[in-house]
Every structure is written in C-alpha cells, then in structure tokens.
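Visitor: Quick one: the structure is below, and I'll ask about it shortly.
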C-alpha cells in the first residue's frame, strides 16, 4: 500500500466508533439481559432515558458557560477543591465500571454466538492487551503529530 494513501482515524472518529460499539453490544445483549426481569417493567428504560435527557440540559448549559475548561476543572470551580476532586474520582470510577461492563457484554456476546463451549479469560486478556497497546501508541504519537491513528 502506498504510504501517501493511508487513511487516518482521528479522535473524533474514535469517539463515534466506541459509542457505536457500546450501543451495538447493548442492543444485541438487551433481550438476553431483560428476559429474566419480566415484561411488567417495560417503562423503566423510558423513564431512565427521560432522566438522562433532562440531566443533559444543565450539562450543556455549563459547558457553554465554561468554554475553555473541561469537566474536571468545572467540577473543581463549582464545587470547591475537595468536593470537586471527589466527584472527579467518582466519575473516573464510574467510567471504569462502564468500560468493564461493555467489555463483559461484548465477551458474553462472543461467547454465546461464536464460542459457546470456551472460557472467555483468554479473549479478555487479548482485548485488554490490545486496548492498552492502542492507548499507549496514541499517547506516544500525540507529541509527534496530532492527526490520529493510521488505518
């Protein structure tokens, strides 16, 4: 392949790629997760969706008020040094839990669909090593050039 015709995947594309993977695995594993719950609680996802949309309105307003700051700086400015940093730690822990749940759902989907009689430990290790490798490559290349991943 010619070096001048490489396609670049920048951070903007990666955000939507990860978001679509999360939505796709959630949709594919939704009926498996909801079938033991029962059919009488169908309104809870609708209620949670409405609550999520209502909480987005003040978040968008705050991001418009503090244009030069990120979420962690906004928390420290609005809530003070200690409470703001505590909320930041809670947000990081929440993000880690969400990442673990997404990986677990993805591996469960692979185990159900493709590899029903095998343990998922080896596949988990492969996914984690690849994730760490991609993050480290991006971190190393961040200071060389800022155009994204080579695909």
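Visitor: When you scan the stretch 57-76, how many residues do you find that are surrounded by 13 or more Cβ atoms within 10 Å (Cβ to Cβ), without any contact (Cβ under 8 Å) to a residue 12 or more places away in the chain and assigned to a helix (DSSP H, G or I)?
Guide: Qualifying residue count, the stretch 57-76: 2.
Visitor: On the basis of being outside the structural domain of residue 137 (by TED's automatic domain parsing) and either closer than 23 Å to residue 135 by Cβ or at pLDDT below 85 (or both), does residue 11 make the cut?
Guide: Taking the combined requirement at face value, the residue does not satisfy it.
Visitor: Let me ask something else about it. Go through the stretch 101-133 residue by residue and tally those that are closer than 17 Å to residue 22 by Cα and touching a residue at least 60 places away in the same chain (Cβ under 8 Å).
Guide: Residues flagged as closer than 17 Å to residue 22 by Cα and touching a residue at least 60 places away in the same chain (Cβ under 8 Å) within the stretch 101-133 amount to 5.
Visitor: Here is a follow-up. Please work out if residue 93 is modelled with pLDDT of 90 or more and loosely packed, with under 11 Cβ neighbours inside 10 Å.
Guide: yes
Quick grid of which residues meet (1) assigned by TED's automatic domain parsing to the domain that holds residue 25; (2) over 30 Å from residue 126 (Cα atoms):
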site	(1), (2)
49	no, yes
53	no, yes
57	no, yes
85	yes, yes
91	yes, no
99	yes, no
103	yes, no
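The values are calculated or read from the model by the stated rules, or taken from the named source; none is laboratory data. Quantities reported herein were computed from a predicted structural model and do not represent experimental measurements. Virtual Cβ from ideal backbone geometry, glycine too; neighbours counted across all protein chains shown.
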